[in-house]
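Written below as structure tokens is the structure these notes are about.
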Amino acid sequence: MAQPPLPPPPRAQTSPGPVKVGTAPNRRLGSVRGVLVSSPPGRRARLSSPGTGRSSSEAREELRRRLLGLIEGNRVMIFSKSYCPHCTRVKELFSSLGVQCNILELDQVDDGANVQEMLSEITNQRTVPNIFVNKVHMGGCDRTFQAHQSGLLQKLLQEDSTYDYDLIVIGGGSGGLACAQEAAILGKKVMVLDFVVPSPQGTSWGLGGTCVNVGCVPKKLMHQAALLGQALNDSRKFGWEYGQQVKHNWETMTEAIQNHISSLNWGHKLSLREKSVDYVNSYGEFVEHHRIKATNRKGQETSYTAAKFVIATGERPRYLGIQGDKEYCITSDDLFSLPYCPGKTLVVGASYVALECAGVLTGLGLDVTVMVRSVLLRGFDQEMAERVGSYMEQHGVKFLRKFIPVMVQQLEKGSPGKLKVVAKSTEGPETIEGVYNTVLLAIGRDSCTRKMGLDKIGVKINKKTGKIPVNDVEQTNVPYVYAVGDILEGKLELTPVAIQAGKLLARRLFGGRLEKVYHTFFWPLEWTVAGRDNNTCYAKIICNKFDNYRVIGFHVLGPNAGEVTQGFAAAMKCGLTKQLLDDTIGIHPTCGEVFTTLEITKSSGLDITQKGCG
Amino acid sequence: MRLSRAPECTAGRQDYNLLVIGGGSGGLACAKEAAQLGKKVAVVDYVEPSPRGTRWGLGGTCVNVGCIPKKLIHQAALLGGMIRDAPHYGWDVAQPVLHDWRKMAEAVQNYVKSLNWGHRVQLQDRKVKYFNIKASFVNEHTICGVTKGGKETLLSAEHIVIATGGRPRYPTHIEGALEYGITSDDIFWLKESPGKTLVVGASYVALECAGFLTGLGLDTTVMMRSIPLRGFDQQMSSLVTAYMASQGTRFLKHCTPSRVQKLPDGQLQVTWEDLTSGKENMGTFSTVLWAIGRIPETRSLNLENAGINTNPNSQKILVDAQEATSVPHIYAIGDVAEGRPELTPTAIMAGKLLARRLYGQSLDVMDYSNVPTTVFTPLEYGCVGLSEEEAMARHGEEHVEVYHAYYKPLEFTVAERDASQCYIKMVCLRKPPQLVLGLHFLGPNAGEVTQGFALGIKCGASYEQVMRTVGIHPTCAEEVAKLRISKRSGLDPTVTGC
């Protein structure tokens, strides 16, 4: 299903194909010398035209294909305007590097505005210069100069322009899988690298990431098991009768849960295969720009290249860094598949993971203590957090507040064994000791970003947290590397957020459209009697699908266009939406009224020509 | 019987600002609100015993023979399902598992009695005078009330609110129906298990009762003449009954009973006609429950003495948007008023708003559009807004887009429960931004899921806005925010995987 990008169609009269400087007609070419430019030849290129009567969505798709063709077919592609000083600087930079580049001057082609609109759709950047180097969207002038300084530009220029993949996603969790599948749906060649490094206790799992394997799903199922315990208690009051002795069998529960998870792992694999996404169960590590080394369980290494990368490696539970923690303690990575009942348990931490685990274990009838350094559920409303805590306390959870463990010692081996925990007060010299069967650490999570060669390609991470800072479009400081999910700095660590972000990212990268365009031809009343051409005057609005169909573009071609436009410009300032336009009563008979009855979207491809008296 | 007994009413007259007839959800809310606003208020309430002799305290249908006991017994039935689930989740439950109706009924009834008491206390706290008398109009400002012992009281007021609600209907032409059958007025107050039960009717009351009886392990049959849940979305309704059938409820469709006879052993022999084949059939049951509809409690009010108009067919009181009857200072709210949804929260809100308009300078009238509700059948059905049929009828098929999904609640997976009927449907206008016209949710905790979306629809939510809402994972409600497949597309709406 993954197809290589289509080459630009071979229609000479519409193709702004590169031409040698010397052969170009007397267009101004700026100060660039010795470079290839894409200034159109004498014939005026109409990249897309509403007046051809051809389906306009087709025309639009053709423009998109043509632009992608230019981007993919040229080592350096610059979308520029001839009078723009920033564009000139960039051209000079490439010139000084002795690099030939293809330039399209948007102010010198008839469809410059359309091209610019399409570019903003493809890159989320509306301004010029808009620069691509070896298919990678570089950005504007500043980013190009930054890349030149960091050496990235030179590396990009050296790259062989054929990559194994359009996109490699590192990490097969909620966000990564959503992004990979969406990109594949959009026709790209995509690979997902997923590898679960076993926890210190040796637990590992299948495809699907935290949510499916060691997060939301098993958590909620165990929560349900605990709720059923409560339901069993309740049921007697509602008249149900059965033997007094009700026991819980940990193994039965974990086996059922793990079976369900296996089916989900399988489902994820299947769904990748259905979408022709290559899944490789290997650990991914950047070795140089655009190249990643994948190491499988047996230590075999393979190397892959891609035009773009998405990092979605998520996080793993943090350890305390005290004596005995990695040897004897478990985390949420281990709990849900623990082959034996954990027995008397100490939960260290006050995160939602800590309280959820403590609640579940108590509900299953275990003796549970939670050791809390400071506040419960930091970041949540603190009154609610305390109420959660006191409900849990009433239902048998013991809390040790303002203590932190300093040492964990094994007293007895076994399943479970016996551990001695020494903890000290956060407020004074006091220390306490306790003996538990299991110690579960839930003190936070760390990003899996430090051992994947990000330094090799210069992706910046927050040194302290390991998180990756990104801009509004999930792009890291290295233009072709993006990141989604829990590893992002300052974003929510939630499955549905990662899924949504992953999908939207793929759509932005590979051409899913964010806006909807409504359009029509119209025949001004004054023109009818005069016998002037029908299907010449054209009205178009562009709406942002993800902002309640807010009108973000307004175009009219026809008589008194300035007079018509002014009022709508004011309305756009006030947040005009498609709905409001539809709710507006037209003034009849005028040209402006056409905007209150726009129904046909460009993407529908429906005919917009007016036949006779409308 | 219609003769006014006013001339005999000679007892002392008491004057109030507001007199509320009927101590149910709407009446009590209106009375309390008016008292809060400093008015002198009286509530008269009297429960005529059911034909089987069942009677109850203050609070009306919802508290005594409706929502409250219904949901508690529904919960008892759900707990039965959880006991069956529990072993899958590692709980060892010793067999056999039995259910004791007496114990449940006693617990439910005790809770209801505590609510009756609570309502009495609330009235007292707000200085609302309460009379346990049966009221009838003497004239347009005066009613005469008769106590159980026959003592009469005359009460008069500036404003009168009628909130007498409704009672279950018995069929009139079926031999033995009244003598041997019971209704929802009785089922919750039975001391002993009803045993093998025939539920006649296809209303939500019929399906809810049949659902919990089945859930408690009783052999239960529903006999319906035509379609289930008339007025609700019909696709959802058939899924509701399909799930019930999968849980063991028997359905006799297109059948009407013709005779109920008592056998020497106390069992009831029911004869019915199968409308499809025209054949007569017979069956034996311990209990026959009629759930064929409700009639408003207006007959004993002597409404004509006050000149209050009713709909001659429904016998309900005609009201305007302000809840006023044909007599300007007399109002009617709740189930007794024509054209109102028969739901507790609408009656409460209507009562409160009415009191505020009368005494609190407010102009707000009750908005009866987009009222959410939930049917507590074994698989719960929550809905708000238009059904698919209604949306098509109002807007035309080509202007309506329906998004839908069959989904599997996470809790069902490990318990190996069948989720074939877990289904969500969102009915939208087709034109962007695709205003949401209706939401229909079939699955666990449907009421809890529907409530928040009802607010969204009240705020004019569009499909796009719902799609931009981030789900809460893993829940059933998040499936609503993930409805991507339109019916028109013809794609498979089954949600697979996580």
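Values quoted throughout were computed directly from the atomic coordinates according to the rules given, and no laboratory measurement underlies them. Quick caveat: nothing in here was measured; it's all calculated off a predicted structure. Positions of Cβ are generated from backbone atoms using ideal geometry, with glycine treated the same way; all protein chains shown enter the neighbour counts.
Working ranking of peptides A:91-102, B:261-272 by packing, defined as the average number of other Cβ atoms within 10 Å per residue, highest first, is A:91-102, B:261-272. Residue A:76 sits among other residues whose Cβ lies under 11 Å from its own Cβ, and their net charge, with Lys and Arg +1 and Asp and Glu -1, is +3. Along its principal axes, the range B:31-107 has C-alpha extents of 60, 34, 14 angstrom, given from the largest down. For the range B:345-495, the fraction of alpha-carbon pairs lying more than 23 Å apart is 41 percent, rounded to a whole number.
Each peptide among B:232-245, B:164-177 gets the average number of other Cβ atoms lying within 10 Å of its residues, and from highest to lowest they stand as B:232-245, B:164-177.
Length gain on complete extension for the stretch residue B:151 to residue B:304, per 0.36 nm per residue less the alpha carbon to alpha carbon distance? Mind dumping the intermediate values first?
Details: separation 153, 0.36 × 153 = 55.08 nm, distance 2.30 nm.
Length difference between fully extended and current span is 52.8 nm.
Partner lysines whose Cα lies under 22 Å from the Cα of residue B:352, excluding those fewer than 8 positions away in the same chain, are identified as B:32, B:39, B:40, B:127, B:129, B:316, B:458. Counting only other chain Cβ atoms within 10 Å of each residue's Cβ, the peptide A:244-257 averages 4.
The lysines whose alpha-carbon is closer than 22 Å to the alpha-carbon of residue A:189, local same-chain residues fewer than 8 away aside, are A:135, A:269, A:275, A:293, A:308, A:503.
Taking the Cα centre of the protein assembly as shown as origin and assigning +1 to Lys and Arg Cβ atoms and -1 to Asp and Glu Cβ atoms, the resulting dipole is close to 1880 debye. Once the Cα atoms are used to define both axes, helix B:101-125 deviates from the longest principal axis of chain B by about 50 degrees. Backbone amide hydrogens, once placed in the peptide plane, bring residue B:292 within less than 5 Å of B:169, excluding anything fewer than 5 places away on its chain.
If packing is taken as the average count of other Cβ atoms within 10 Å, what order do A:465-473, B:410-418, A:352-360, B:22-30 fall into, highest mean first?
Numbers: A:465-473: 16.0, B:410-418: 17.8, A:352-360: 22.3, B:22-30: 30.1.
For the peptides A:465-473, B:410-418, A:352-360, B:22-30, the packing ranking is B:22-30, A:352-360, B:410-418, A:465-473.
Database remark: amide H of residue A:192 closer than 5 angstrom to the amide H of A:169, A:278, A:279, A:280 (H placed geometrically; neighbours at sequence offset of 5 or more, or on other chains; Pro and chain starts carry no H).
Calculate for chain A the 222 nm mean residue ellipticity that helices alone would give, adding -39,500 (n - 2.57) per DSSP H run of length 4 or more and normalising by residue count, nearest 500 deg cm²/dmol.
That comes out to -10000 deg cm²/dmol.
Expressed as a fraction of 2.2 N^0.38 Å, the C-alpha radius of gyration for the range A:380-448 is 1.35. Per the Cauchy relation, a quarter of the hull surface: what is the mean projected area of the convex hull of the alpha carbons in chain A, in nm²? Mean orientational projected area (chain A, Cα hull): 37.0 nm².
Report, to the nearest 10°, how far helix B:344-359 tilts away from the longest principal axis of the Cα atoms in chain B, using its own Cα long axis and a range of 0 to 90°. With rounding to tens, the tilt is 40 degrees.
Put in line by how crowded their Cβ is, counting other Cβ atoms within 10 Å and starting with the fewest, B:353, B:18 read B:353, B:18.
Neighbours of residue A:150 by Cβ distance under 11 Å: Lys/Arg scored +1, Asp/Glu scored -1, total +3.
Counting only other chain Cβ atoms within 10 Å of each residue's Cβ, the peptide A:223-233 averages 6.
Across all Cα pairs in the protein assembly as shown, the calculated P(r) in 20 Å bins from zero up to the longest distance comes to 10, 30, 32, 21, 6, 0 percent per bin. Mean per-residue shielding of peptide A:264-271 is 2, counting Cβ atoms of other chains within 10 Å of each Cβ. Volume per residue for the range A:181-290 equals 146 cubic angstrom (convex hull of Cα atoms).
Look at the dipole of the protein assembly as shown built from charges on Cβ: of A:216, B:328, A:444, the Cα furthest out on the positive end belongs to A:444. Since only A:294, A:279, A:348 are under comparison, the one whose Cα sits farthest along the positive direction of the charge dipole of the range A:252-411, derived from C-beta charges on Lys, Arg, Asp and Glu, is A:294. Considering only Cα atoms, the convex hull volume of chain B works out to 177 Å³ per residue.
Once the other residues with Cβ under 11 Å from the Cβ of residue B:337 are scored (Lys, Arg +1; Asp, Glu -1), what is the net sum? Write out the running numbers ahead of the final one.
On the way: positive: B:316, B:340; negative: B:320, B:323, B:335, B:338, B:342.
Net local charge, residue B:337 excluded: -3.
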